[in-house]
Structure formats: structure tokens, C-alpha cells
1. Of all residues in the range A:178-216, which are within 12 Å of another protein chain (Cβ to nearest Cβ) and among the β-branched types (Val, Ile, Thr)?
2. Take B:Ala164 and tell me if it is within 13 Å of chain A (Cβ to nearest Cβ) and crowded, with 24+ Cβ neighbours inside 10 Å.
3. Can A:Gly368 be described as at positive phi, touching a residue at least 12 places away in the same chain (Cβ under 8 Å) and of a type in the set (Gly, Ala, Ser)?
4. Every residue in the range B:264-273 that is part of a helix (DSSP H, G or I) and facing chain A (nearest Cβ under 7 Å), please.
5. Any residue at all in the range A:168-177 that's farther than 22 Å from A:Tyr228 by Cα, surrounded by fewer than 24 Cβ atoms within 10 Å (Cβ to Cβ) and not assigned by TED's automatic domain parsing to the domain that holds A:Gly13?
6. Criterion first (without any contact (Cβ under 8 Å) to a residue 12 or more places away in the chain and at positive phi) does A:Lys338 satisfy it?
7. Assuming A:Asp306 fulfils every condition listed in (1) assigned by TED's automatic domain parsing to the domain that holds A:Ser32; (2) of a type in the set (D, E, K, R); (3) touching a Cys at 6+ places or on another chain (Cβ under 8 Å) apart from one, which condition is it?
Protein chains: 2
Amino acid sequence: MEKGNLLVGQAGGCTAVINQSLVGIIETAKKSHAVEHVIGMRNGILGVLRETFFSLDTFDKKTLMLLKNTPSSALGSCRYKLKNKDYKAVLASLKKQNVHYLLLIGGNDTAQTCLQIAYYAREKGYPLSVVAVPKTIDNDLPCMDHTPGYGSAATFVACATQEAGKDTEAMKDVDPVKIIEVMGRNSGWLVAAAALGKRCEEDAPHLLYFPERPFDENRFLDDVKKVYDRIGYVVVVVSETIRDAQKSRIGAKKSGIIADLFGHQYVEGTAVKLCQLVEKKLKLRARFDKPGTIQRMSMNYISPTDRREAYMVGEEAVRLAVKGTSGIMVTLERILQKPYRCRVGSVKIEKIAGVEKYLPNYFINRKGNFVTKAFYDYALPLVGELPTFIRL
Amino acid sequence: MEKGNLLVGQAGGCTAVINQSLVGIIETAKKSHAVEHVIGMRNGILGVLRETFFSLDTFDKKTLMLLKNTPSSALGSCRYKLKNKDYKAVLASLKKQNVHYLLLIGGNDTAQTCLQIAYYAREKGYPLSVVAVPKTIDNDLPCMDHTPGYGSAATFVACATQEAGKDTEAMKDVDPVKIIEVMGRNSGWLVAAAALGKRCEEDAPHLLYFPERPFDENRFLDDVKKVYDRIGYVVVVVSETIRDAQKSRIGAKKSGIIADLFGHQYVEGTAVKLCQLVEKKLKLRARFDKPGTIQRMSMNYISPTDRREAYMVGEEAVRLAVKGTSGIMVTLERILQKPYRCRVGSVKIEKIAGVEKYLPNYFINRKGNFVTKAFYDYALPLVGELPTFIRL
């Protein structure tokens, strides 16, 4: 591989540890003889098209430490899908900057972008190593044990459920039903994480609803009623993307659906709809919490394992790129369950691009309203410390 | 005052540090010669009516430590308003338990309850010291500098705004407008707290809307447009109880309003409504975060000052009660601004009951859409450490 510049960008939804990967890349690239300069693109691939670049190799130690401890994508993000007419401009922009190593930190959509650029560069005979660095709180990337970003968002969701659960428990005479709406796009990994702090039957959460299972209003109401009758309050954690048997999003009004360029839909009313259902049909007061982007940005609930691994995938991406490897995504492989041990690996981007990994059947109980013991074994090593609360 | 039992309860919305006050009470009462036993009532004053009591003076150190670090009201809470027919039953229940010291940890509503019981006991010639212990994340109690519980919820709101703000900044090409809906009942103290981590003009939040000012849709849209035109993204923090000039709650559908026994209304749609407004009128994508009860329960964002002061008000309540003082609420008085020093005091409950303290005019800017420098001076000593993030 010839000596050249390394260009890095961040794309898609942000995480609390995505800048750890960025610093992993910067620090490793600075040590590499193959890399002349480390350059950042602003707002993902849009930065290449707009030619908004900035130097990343002049930061001092203090700046890098600050950067590591800043959530969200410090380079700016995007959800831009490359059009056919863009490739020429992308390649011209890369050539102009003498970029021979292109690293994009992102999820499925970013993998698609990397793949297309890698193909195009090869076709045009331009020497370019394209390496994708995994990042998503959704944990929905295939071919890896888990994704950087998931462990921290999972820690937030688990703790928030424990904490808001204590609130509902104390307020059961006032607002006995709590609906917590969490992210996760089309997969239920984050909903599942809500269960991680539960130690006994009375602890929250009591019910989980995953996008992997069709949502049935009557079954939901029946589930809520049963828990209420048994302990007097109910904490439900639900994905913002649950759908009914006809694949319609729960709480969606036609006017309320917005889709981005990759076709991902946003619905603002899932939890509101469920609260209304509970109040109307069960005559129980219900309120909802929707932590929204707070769940993926919370620095005080970061998982130390997640932080470390996010840095590791950044380091590995540079190592692979300067070896001349292209068209791959770095992965995380669990090599030991107890004590938990994880190492980095890699996979061809073809296997990742556009593929979503759902919560497998063996992590969801038969009724489709909670996780199994196997999920705890899988997920507990990935999250930070979960508190122990008292019940008098 | 004669020797007797001390009964303690918790009422109203929970906080992350309310159990600090409870432990302050238990530990101080155990040292007092006037107190025979420390008893807890379950679910506030309802516990007295239902005679659901439990012993609190047998806890070991480890249990008390766990209790301190558990958010929410460990004794259970309520929003029950005593009816005329209840007083007799309340007094009978207190006599039966040989209670001569009654301590209730709560806000305005609890103050009302304490006042009524103190009157009734005096009228019936039963020796009873009733002392109210302040608690509310809303910070809306008069006659005191601030309330225990506020500093921790304020820390959460400030940090969540900084963090979610970084998310919106990175995602400005996708979702440029973020609405964060926070609590605070009819006062804007928590909305104001969202500003505490802002260090420069570009930092979130950019706009705040308080229940103290009538909300005008056109002015709001104009404000949002201006910020967007200047920096390309907008983070708005808004109280869940904002009202228009006709005093109608924003986002309220008739069917969506529920009121509790004290007449407090809940509306589930404020942030949803504002997102719809922005998308329809400004053609900008808007999303919302509504941390809900998570904002008042988050143990990883506790303010150390708040934690300490919540314990102090509990201690002081016992000291005052065993001296025979009745019909008072403990207060917090700021005696020095720099370095911040605070001491406990007390005030007659008559001055608190049913009175709400709003954000004063000198803490709100002229346009009614942000706080003043004076608010920072007031609030910064009350919150925990606010992070410093980098902008590349």
C-alpha cells in the first residue's frame, strides 16, 4: 500500500462512545508509517462531497482526552445515501486529499456506503483501503457478538428502568402504569436490556414488547391487567417500532410518519397510544417516559467494557487499513463467556451491508413479553454496574 | 413533650434523594431520648388510615446505606387529600400507635395535610408535634432558598440537555430540531436548570419556555426559525405545563387531561404538539425527548449538595419535633453565596400550604425564552459537576 492520508468520518445515529473509536483511530494512525496525515470529514460522507475536511493529527493529549469523554459524533453525522452521480465526486475529492485509507464509523447504512465506495475505487483503479468501524446502540449488526455503543445505551436503559420502576412502585396509588419507550430501530436488543437490573418478580420491568413479535392490543391489555392484579403496578418497556400483525406501526397516524433517506420511519406516538389504551380500556392511569436521544448520550451510565471495546475497534480498523485490507468491517468476537473475554476480528462488508440482526427466538420468552435467562448470560457482561435498591 | 413514637411518611412525587431525608430522620430519632420507636407509614397518609405501619428502628448500618442510595419513596407515596371524615380516623390511628411525633416528607400538598392534622390534634387536645420535611424536584416551595430534590433533578436536566444537545448538533442534517419536555408542575425551575451547562452561544439549549409566561405559537416558531438560520439546529427545553394566553395547556386534548385529587392536571402531548408545529409550519424535522420520571430518579446524576441537604432537613425535623415544635416545615437558608453555605431553618406551615413559588421575573429574560445570568448564580451551587464537552 502506498503512503497516503487517512480520512475518517462518523455516520448514522450517535452513541456515547463513538468518539472513543475516533480517538482509537487517531492515536493508532499517528503511530503508523503508512499514514501521512489524519483527516476528518464533517457530517459523514457529505463532508467528502462538500469537501469539508479538518486536520485531526495535531491534537494534544488533553484534547484527545476531552474528545473521548464527549458523547455524540464529534465530526458530525449524516444519513446521506450516495447517489450514482456522487461516486465520481467522492473519488475526485479523495484523490485531491491524497486519501488512501478511508474509515467510516457507523452501522448498516454506513456499511453500504463503504461497500459502494470500495467497489467504485477498485473499478477506477485507485488504491483505497475502505474499512468500516461498527457503531450502533441498536446492536443490530450481523457477524459480530455485539456492537460498540450498545453496552452503554443498554446500561442507561437497564438503570432507568430500575429507577423509574421504583418511582412507579412508590406512586402506585396515583399512576400505577408506566410505559417506557426505547429505541433500537427494528430490533429489540435495547428493550431486552431493560430487564438486566431485575432481580425478583416484583422488580421492574414486568413486561417487554419487541419489534420482533407482532403487537396485539388485547394481549397487551390482558398482560398489564394480570400484573396489576398481582402487584398493583406495572412497568412496561416497549420499542418505538412495534408493529401489529398487519405490520402497521403502533401509534402511527399517517401524517405522523416521517422517513429518512434510508427509508427508516419515525413515529412519535407509540407510548402515547399505549397510555391511552390502558386508560380507556383498563381505567388505570398510565404515564410514559421516552428518554429519546438521552438514552444514547448519557455519559454517567457508560459501560466501561463498551468504552474499552469502542476504542479497540478504532485501533484495529487502522491496523487493517494500513495492511491494505479493504471492503471489511471490524467486528467484536466473544472468546470466553466466564470471565468475559472479547477480541476484535473482521468480516467482509457484503455480509453486513443492509442486513439487520434481530433478537433471536431463544432470547424471547414463549409469550413474547419478556426475555429468557439466556439473554441475561449474553448481555450482563456488556453493561456497567447495575445498582441494588432496597424494598422495605 | 411526652415520650412517644415517631411516625414518618413520604408523599407526592418522588425524588432521587428523598430517602436521604428518611435516613436522616431515622438516625436522629434513634439517638433521641424522647422517641421510643421510629415507625413508617406505607403510602403517605393513606398508611395511617389503612393502619399499614412498619418498624424503622431495627435497620442495621448496611440497610440504612442501601436505603440512602435507593431513589424514590421507600415507604411508598400517595396523593391523597384528607377528607373531613378522615380526621377522626387519622387521630385514632395515631393514638393507637402512641405517636407523638408526626413527620411527613413532601411538598405543598403534604404541607396542607400536615397543617390540617396539626389543627385537628390541637383541637382535640392530643399532644402531637407535626413537622413537614421539604421535598420536591419542582423547587416550588416558598419561604426557602430551594428544596431538597431540586438539585439532583436539575443536574439530570442540565446534563441531559448538554448530552442530547451534542446529539442534535451532530445530526443536524437529519433531525435539526429537538424538543426536550421536562417536569416542574406550574413552575419553570427545572426548565431553567437545562441552561446550566451552556457555555457559549452554540451550546444547547437555545430556547426555554416556562409555565410562568404565556406560550405563543407564532413567537415560538419565530424563535426556532431564527436559531436554525443562525446555527443550523435548535434544542428547545419546555415545561410540560406551558399554557397559551387563554390558560389552555399546550398539546391538551380534552380526553387527554387527567387530574389527580389535588387538581393537578397531566397532559401527555406537549412535546408531540410542538414537534408537529415545527414540522408543519417550518418544514423542519423535529423529535422529542421526554425523560419523565427518569429525570427525578437518576442516581448517577445526583448532586452531592442535594444529597447532603436532604439528609440535613431530616435531622432538623426530628430535633424540632422532639422540642415540641409543631405546625412547621423545615427550610433551607443560603447564608453565603461564595463559597456556597446553607443552613437549616423552619417556617410555619401556614406560609407554605397551597402556595407555589414561581420562577421570579429576574431569572427570566425579557423575551421570555431564556434565563438570566442571575439564575446561574443562584442555581450553579445546587447542582453536581457539569461536564465539559469538545466541539471540533
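1. The answer is A:Ile179, A:Ile180, A:Val182.
2. On the way: within 13 Å of chain A (Cβ to nearest Cβ): yes; crowded, with 24+ Cβ neighbours inside 10 Å: yes.
For B:Ala164, the condition - within 13 Å of chain A (Cβ to nearest Cβ) and crowded, with 24+ Cβ neighbours inside 10 Å - is met.
3. On the way: at positive phi: yes; touching a residue at least 12 places away in the same chain (Cβ under 8 Å): yes; of a type in the set (Gly, Ala, Ser): yes.
Here the answer is yes, as A:Gly368 does meet what is asked.
4. Here is the first cut: in the range B:264-273, the residues part of a helix (DSSP H, G or I) are B:270-273.
B:Val272, the sole residue that qualifies.
5. We begin by selecting, within the range A:168-177, every residue farther than 22 Å from A:Tyr228 by Cα; these are none.
The answer is no; no qualifying residue exists.
6. No, not satisfied.
7. It is condition (3) that A:Asp306 fails.
Residue-wise test of (1) outside the structural domain of B:Gly107 (by TED's automatic domain parsing); (2) touching a residue at least 60 places away in the same chain (Cβ under 8 Å); (3) among the charged types (D, E, K, R).
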position: B:Gly47; (1), (2), (3): no, no, no
position: B:Arg50; (1), (2), (3): no, no, yes
position: B:Leu56; (1), (2), (3): no, no, no
position: B:Lys62; (1), (2), (3): no, no, yes
position: B:Leu66; (1), (2), (3): no, no, no
position: B:Leu94; (1), (2), (3): no, yes, no
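The values are calculated or read from the model by the stated rules, or taken from the named source; none is laboratory data. Note that this is a predicted model, so its numbers are computed, not measured. Every residue, glycine among them, receives a Cβ derived from its backbone with ideal geometry; neighbour counts consider all protein chains shown.
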